[in-house]
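*Asks:* Structure in structure tokens, see below.
Please treat every number below as a calculation from the coordinates, not as lab data. None of these values were measured; they are calculated from a predicted model. Here Cβ is always computed from backbone atoms with ideal geometry, including for glycine, and neighbour counts include all displayed protein chains.
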Amino acid sequence: MTTAVTGYQVHVDGIVQGVGFRPFVYALAKSHNLKGWVRNTSSGVDIEIVGKSENLELFLEAMRTSPPPLARIDTITLNSPNALDYHDFLIIQSQSMTGDFIPVSPDMSICPDCLEELFDPNNRRFRYPFINCTNCGPRFSIIKEIPYDRPLTTMADFEMCSDCAHEYSDPGDRRYHAQPIACAKCGPTVIYSEPENPVISGDAAIQRARDALKAGKILAVKGLGGYHLACDATNPTALDRLRQRKLRSDKPFALMAFDIATIKRFVDVDQGEETQLSSPQHPIVLLQKRDTISTLDHTAPAQKYLGFMLPYTPLHLLLLEPAPGFPEVLVMTSGNISEEPISYEDNEAVQRLSSIADCFLSHDRPIHMRVDDSVLRMVENHPYPIRRARGFAPDPIRIDKILPQILACGAELKNTFALSRQQYVFLSHHIGDLENLETLESFRSGIQHYRNLFRIKPEAVAVDLHPDYLATRYGETEAFERNLPLIRIQHHHAHLAACLADNNIFSDEPVIGLIFDGTGYGTDGHIWGGEVLVGNYHYYERRFHLQEAPLPGGDSAIRNPSKIALAYIHAAGIDWRDSFPPVREYSTSEVNVLKQQLIHNINCVPTSSMGRLFDAVSSLLGVRHHVTYEGQAAIELENLVDHNETRSYPVGITDGIIKTFNLITQILDDQVNDVNPGVISARFHNTLANICLDACNTIRSEAGINQVALSGGVWQNITLLQKTVERLKSAGFIVLTHRQVPANDGGIALGQILITEASLNH
């Protein structure tokens, strides 16, 4: 008996373009003796397939369970086919439809197959710096439009040679429709340049760059999403020169080594961390330094962790190829002057980086969208994002509800924006701190690119409540000019919502939010940041908060923890003693001026910020009085923690106020009595974890709420995070932490999207 021929019209949503999905479908259909066709569209992949029913079911199961490495299938829709009389299976021409859209694959690191070919003398792409296939290489950084076809990328001007064209056209080849496909005959070329010397290209350019690094020079290197500044990480002179030129005195540098084995010489790497380092994303992973190795101390002063990544492009691999006398580890930091966005256009890079770099290793494949490196660390065997960019963006956050089209402008620091459509939130790559025109322009152009790429016409605009944020002002203008609803969202409510969305929680049941950060504009005009909230997407209540202290000079005090410490001492009603470390930072006249400012409340903004409390305690212990980058005082305070210390300070909660001035008094008593700073730091962290537990227990007893969300930049303090989570879980709470987006302001736009959706549907 012959099995009846049947079929399906299939539509696949997800990351299914530029990842080898069509040749995968082609090969799968052929292997199951099925007929029909597959094509890209501007909304996904369409398949029309017919054959024996049992073969069709096997085909569908294999497609669902074993897609290509970089593919992500979100939904598969089945309908009846248009025809049943197909005689073959074909890959047919892409179709673009007005208004449709599709997620776009992020840029991915070189795959194992291309890596093998790169160092194979018998391969025609031997040592070719731009080797790639459907399983790796540039994606988002080169896409101008969708569908993802070569004419719509920055590879459009590179005409394929006959060999590449054959691979590109062969459905059985892993380079079938690999849009950046190229070789030495027809593709991009690497270029080395330095002042007053001829330009060098090809393999000789890479060798000259390696010689420059060996000689202690600073090299600007063009990568996937922009330029890096590289130097020998083991050369203190080169490092000092880079810090002086880049205006980056203390902040840690990212590092790159050729392989895992080299990285393990300097830091501890467990299995989860190794998995992340070697993943297709190749992020920077924060890894604990080996106590016995001090070679790289200059790259991260006063730090216990180093940020390492593996080479993720063939050019990086050729640059770091091991050889006698060549540095084992390179600094590979963002190619910018501090606080500016990463340089990505060649002319702009030369203009901006020539004052820092001694020489340039570039190439002629244009970058359409700048993308910085992603940063994460592992916490309890889970990735914990710190900066979400290359390798992850613009991969959308999938939401289990249909969303309107919304623009969320994010916050001021560590800015990301977000756009929503259907079940997707397209959280942008890391933009940076919106404190200059260059970063603001990167923010604006990024929004426009995402809108065009994903066919989004916002129906509403969400902004932070802070009236002076540049992101807020941009959103206000957009809403006014396009006559759209403008939704103003309190900063910490957005953090709470971001954590809920990150954990795919969309119930209307309220949760407790422990929202700790440095700065967030409160509804009372004060600076919030040590908040215990109760709420969901629709509302929030401020149940508890840290005792407010004056912030002398407002935001200007943030770079001077010593001023913050003195403000806390004053607010606690304690006389300033010459023996207190922050007092010793100032002359007698300066002390008197600051005291009068606090007494008369001159330009003193009240703050409940947890971040500022960390700053104060750091200065009280003599750890850090002045900072050169955000979070420095808190990081160095955490690094002091004596993990054998279990005691804490008793701190009460009265009328919704967490009595932190009492905490300051007890810390000063310990400091005066010469208690070891590591012990005091441990007691401080233990105290905060206990406060979190006490606050949550109180709310649970009153309202029966058992879920707790932890969000805000302070939760990047892993010591505090682990101590708090341990206490809450032991008490029976369900604890929500971040997994897909950063706990810091880099995730806040996600929360703004969901709050806006709730507001529009109210």
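*Asks:* Let's test the formula: R0 of 22 Å, r as the Cβ-Cβ distance of SER162 and THR189. What FRET efficiency results, to the nearest 0.05?
*Replies:* 0.70
*Asks:* May I ask you to compute the full-extension gain from ASP669 to SER338, defined as 0.36 nm times their residue separation minus their alpha-carbon distance, rounded to one decimal in nm?
*Replies:* 115.3 nm
*Asks:* Which whole-number value in Å³ per residue fits the convex hull of the alpha carbons of region 511-736? Present the calculation step by step, with values, prior to reporting the outcome.
*Replies:* Numbers: hull volume 26.0 nm³, N = 226.
Convex hull volume per residue, Cα atoms: 115 Å³.
*Asks:* I've got another one for you. Rounded to the nearest 0.05, what FRET efficiency do ASP268 and GLN596 give with R0 = 45 Å and r taken as the Cβ-Cβ distance? Could you check?
*Replies:* Numbers: r = 50 Å, r/R0 = 1.12.
Calculated value: 0.35.
*Asks:* My understanding is that a pair violates if its Cα-Cα distance is over 20 Å; which of LYS563/LYS595; LYS264/LYS289; LYS222/LYS246; LYS217/LYS289 do that in this structure?
*Replies:* Correct reply: LYS217/LYS289.
*Asks:* Same structure, new question: Under a Cβ-only charge scheme (Lys and Arg +1, Asp and Glu -1), can you give me the dipole magnitude of the chain about the Cα centre, in debye to the nearest 20?
*Replies:* So the magnitude is around 260 debye.
*Asks:* So what's the net charge close to ALA323: Lys and Arg +1, Asp and Glu -1, counting the other residues with Cβ under 10 Å from its Cβ?
*Replies:* Numbers: positive: ARG210, LYS214; negative: GLU321.
Net local charge, ALA323 excluded: +1.
*Asks:* Hey, fewest Cβ within 10 Å first, where do PHE360, PHE101 land in order?
*Replies:* Going from least to most buried by this count: PHE101, PHE360.
*Asks:* Would you list which lysines come within 28 Å of LYS729, measuring only between C-alpha atoms, while excluding same-chain residues fewer than 8 positions from it?
*Replies:* Within the straight-line cut-off, LYS729 pairs with LYS304, LYS659.
*Asks:* Still on this structure: What is the magnitude of the charge dipole of region 425-466 about its Cα centre, with +1 placed on the Cβ of each Lys and Arg, -1 on the Cβ of each Asp and Glu, and no other charges, expressed in debye to the nearest 20?
*Replies:* I would put it at about 380 debye.
*Asks:* What does the charge add up to near THR523, with Lys and Arg as +1, Asp and Glu as -1, over the other residues with Cβ less than 11 Å from its Cβ?
*Replies:* Every neighbour counted, the sum reads +1.
*Asks:* Moving on. Expressed as a rounded percentage, what relative contact order does the chain have, with Cα pairs under 8 Å and six or more residues apart?
*Replies:* Reported relative contact order: 11 percent.
*Asks:* Still on this structure, I have one more. Just the ratio, please: alpha-carbon radius of gyration of the chain over 2.2 N^0.38 Å, N its number of residues. The partial results should precede the final answer.
*Replies:* Working: Rg = 27.6 Å, N = 762, 2.2 N^0.38 = 27.4 Å.
After normalising by residue count via 2.2 N^0.38 Å, the value is 1.01.
*Asks:* Just want the answer: with Cβ charges of +1 for Lys and Arg and -1 for Asp and Glu, which residue in GLY529, ILE635, CYS696 is farthest toward the dipole's positive end in the chain?
*Replies:* Checking the options against the dipole of the chain, the answer is ILE635.
*Asks:* Enumerate the amide H contacts of LEU403 below 5 Å, restricted to partners 5 or more residues apart or on another chain; note that Pro and chain-start residues carry no placed amide H.
*Replies:* Placed amide hydrogens put GLN422, GLN423, TYR424 under 5 Å from LEU403.
*Asks:* Using the alpha-carbon centroid of each, what span in Å lies between region 628-680 and region 498-529?
*Replies:* Measuring centre to centre over Cα atoms gives 24 Å.
*Asks:* Here's something else I'd like to know. If you take every DSSP beta bridge whose two residues both sit in the chain, what share of them, in percent to the nearest 5, is antiparallel?
*Replies:* Percentage antiparallel, nearest 5: 75.
*Asks:* A further question follows. May I ask for the distance between the Cα centers of region 372-390 and region 697-762, given as a whole number of Å?
*Replies:* Computed from Cα coordinates, the inter-centre distance equals 17 Å.
*Asks:* Here's another thing I want to ask about it. Counting alpha carbon pairs within less than 8 Å and at least 6 residues apart, what relative contact order, in whole percent, applies to region 5-91?
*Replies:* Relative CO of region 5-91 lands at 48 percent.
*Asks:* Where both residues lie in region 511-736, what percent of DSSP beta bridges are antiparallel, nearest 5? Intermediate results must be reported in sequence, preceding the final value.
*Replies:* Numbers: 19 of 29 bridges.
About 65 percent, rounded to the nearest 5.
*Asks:* So, R0 is 56 Å and r is the distance between the beta-carbons of LEU78 and GLN244; what FRET efficiency does that work out to, to 0.05?
*Replies:* After rounding, the FRET efficiency stands at 0.35.
*Asks:* Positive end of the dipole of the chain, charges at C-beta (+1 Lys, Arg; -1 Asp, Glu), about the Cα centre: which of GLY410, GLY216, SER579 has its Cα farthest in that direction?
*Replies:* The listed residue farthest towards the positive side: GLY216.
*Asks:* Ok, one more. Can you tell me the length gained on complete extension of the stretch SER169 to GLN351, counting 0.36 nm per residue apart and subtracting the Cα distance?
*Replies:* Result for the pair: 61.5 nm of gain on full extension.
*Asks:* Let me ask another. What Cys residues in the chain are without a partner cysteine, judged by a Cβ distance under 4.7 Å?
*Replies:* So, CYS114, CYS133, CYS164, CYS183, CYS231, CYS359, CYS409, CYS499, CYS604, CYS692, CYS696.
*Asks:* While we're here: Taking every eigenvalue of the Cα gyration tensor of region 190-363, multiplying by 5 and rooting it, what semi-axes result, largest first, whole Å? Don't jump to the answer; show the numbers that get you there.
*Replies:* Details: eigenvalues 124, 62, 47 Å².
Equivalent ellipsoid of region 190-363: 25, 18, 15 Å, largest first.
*Asks:* Separate question: If each of SER66 and GLU541 carries a label point 7 Å out from its Cα toward its Cβ, how far apart are those two points in nm?
*Replies:* 5.5
*Asks:* Can you compute the modelled spin-label distance between LYS214 and GLU702, with each label point 7 Å from Cα toward Cβ, in nm?
*Replies:* 6.9
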